[in-house]
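Encoded as structure tokens, the structure appears first; notes follow it.
Since every read-out is calculated from the coordinates, none of them should be taken as a lab result. Note that the structure is a prediction, hence the values are computed from the model and not measured. Virtual Cβ from ideal backbone geometry, glycine too; neighbours counted across all protein chains shown.
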Amino acid sequence: MTKADRPSFRPNRRQTLGLMALGSAGIVMPGLLGRDRALAAPPAAPTGQLVVAFSQEPTVFNPHLLHIEVDEGIHFSVFDPLFGVDPEGKFYPGLAAEVPSVENGGISADGLTWKVKLRDGVKWHDGKPFTAEDVKFTLELLVDPNFRSWRRAGHDLVRELTVVSPTEITWKMEKPYAPYPSVLASTFIVPKHAFDGVADKNTAPFNNAPIGTGPFKWESRTAGDNIQLAANKDYFGDGPYLERLIYKYIPDLNVLYTQFKSGDIDVTGLQWITPDHYEEAKTLPGTEISLVPGSTVESFSLNMGRPQFQDLAVRQALYSAIDKQSIIDALYYGLPTPTESYTPQQSFYFNPDLPKHEYSIDKAKALLDEAGWKPGAGGIREKDGVRLSFTNSTTAGNHIREQVQQFLQQSFQEIGVEMKISNLPPAVMWGDYWMQSQFDSVVVGIDFLTGPDPDVSDYLASASTNAKGGSGQNNWQYASPEVDRLLAEGGKSFVPEERKASYLRIQEIVRHDLPLLPLFQYTTVRGRKAGVTGFLPNVNTRIDTWNVGSWYRAA
């Protein structure tokens, strides 16, 4: 079978055009096709290179170790899942020959029996064949108790993994779990043979020189500066159309914008163009600028393991003391949308009826007074030997977040709370400091949902707390028996209308408990050079490069 005959993985050019024309999942995508410019045909063979800038440095290259969004920029380039999810929330086949469903016999009507047919003829970057053994190995790795897995939720329900043939695998689920298709869509398959004979998979050589099936091969890394990938000319799907892809690390967002303005970078990746540069960016010649609502929610997040934050009245007072609208208007130029939930407002499962935030210094003071937090040394409130003093951290070099911190610091001081700013380089900030709950509080943006699925077990289930021996990203150390129960309940049904009540209620509980103080949902300013084609925002993935194999530079 020739490459032209192969079924595509990531949306092909015609599908991409359709998605751009329609928009979806509440996304508004002005200017994605440029200024009335027709979409040029991709090259017949990989050619040229693109430089994509990230404000955070990708450092975790095994997609199953604890990682953050920026690392997925590399994962999507190098690896493939069994199937992916497009901007409309629809699944499309990847390493699987077809997306398993009840209709095609891939999933039993009760959701317990799975049968996945795999593509034949796919090769790993080192030339070895991809088979069902690799899928089995990957799913087992994720629940290996000796492996620092980034996600066990869902995978821990898999039983009786059976390799039927090199191109077919089956398994049973311990119980029905509706989020599992979305979990699998964010589960990249890794090669079993790369771990043969490795005693500790957490430190395998593979983790620093990954081997995938994806559109690009690992080429080199200059720590603190860039990662270079080369075209996988044996890729089974559409593309790649670029000969080389360079991910450049630029921690200072002003510098990132300056280099985009000067033409040194082709695409502004994660953290994009900050709102204060938007008006000028729109006027830059030879560029394409888009406003894209994202699924990321910015929050002031608290470590519930700290004694300062275990009193609900303290969390309520801090939220009341935040002038959210002024932050949005003055620092973010009015672009983001204020929110009370971690769920994107475009989601079917979004709860629009949560209590609205009220900025009131007087209310904040009254809450602390009533709860017995009295002014002590230096005017800082204290109770039972605990002072209302804590550090707040975020990515060093994110100048707008740093301004937000200063704004909050002054507001909290008015109510007798001391907030000390302690920012860190991204690799440190989002490493164990964040993942192992070593922080007091952070300003952070998070995509909580797994694709279009509303399940947030990875973030809000008590069993997902790494600092307590769990596996996930519940770095707030938040624990609510009712939330745990509702997450289990919501995962049982495959009917959205039946599931919705559970997730609406979870949002109510989290809004009441305030382990995170929600600020706003992102509206991002995306920039790329004119002629960079194939770029397509996807609210169901955590990073723009989900379809980077389809990108090219139009002649």
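Odds and ends about this structure:
- Cβ crowding within 10 Å averaged over residues, with 426-437, 378-389 ranked highest first: 426-437, 378-389
- Using the Stokes-Einstein relation with a Kirkwood hydrodynamic radius computed over Cα pairs, the translational diffusion coefficient of the chain at 10 °C and a viscosity of 1.306 mPa s comes to 65 µm²/s.
- Positive-end residue of Y333, S301, Q345, charge dipole of the stretch 294-523 with Cβ unit charges: S301
- D_trans [Stokes-Einstein, Kirkwood Rh over alpha-carbon pairs] for the stretch 294-523, 25 °C, 0.890 mPa s, µm² s⁻¹: 136 µm²/s
- Shape metrics for the stretch 211-365, restricted to C-alpha atoms - Rg then Dmax, Å: 21.2, 65
- Structural descriptor for the stretch 83-232: relative contact order 20 percent, calculated from alpha carbon pairs under 8 angstrom and at least 6 residues apart.
- Centre separation in Å (Cα based) which lies between the stretch 354-414 and the stretch 269-290: 33 Å
- Rounded to 5, the percent of DSSP beta bridges in the chain classed as antiparallel: 80 percent
- A convex hull fitted around the alpha carbon atoms of the stretch 427-468 yields 86 Å³ per residue.
- Pairs of alpha carbons in the stretch 352-471 whose separation is greater than 22 Å (percent): 52 percent
- Extension gain for V143 to D252 (0.36 nm times residue separation, less C-alpha to C-alpha distance): 35.5 nm.
- Computed over the chain, the per-residue total of -39500 (n - 2.57) for DSSP H runs of n ≥ 4 gives a 222 nm mean residue ellipticity of -6500 deg cm²/dmol, rounded to 500.
- In nm, spacing of pseudo-spin labels at E279 and D362 (7 Å Cα→C-beta vector): 3.5 nm
- Note on A223 and Q345: the model spin-label points, each 7 Å out from Cα along the C-beta direction, lie 4.3 nm apart.
- Low-density loop positions, trypsin sites (Lys or Arg not before Pro), the stretch 325-367 - DSSP coil, at most 10 other Cβ in 10 Å: K356
- For the stretch 86-214, the convex hull spanned by the alpha carbon atoms encloses 121 Å³ per residue.
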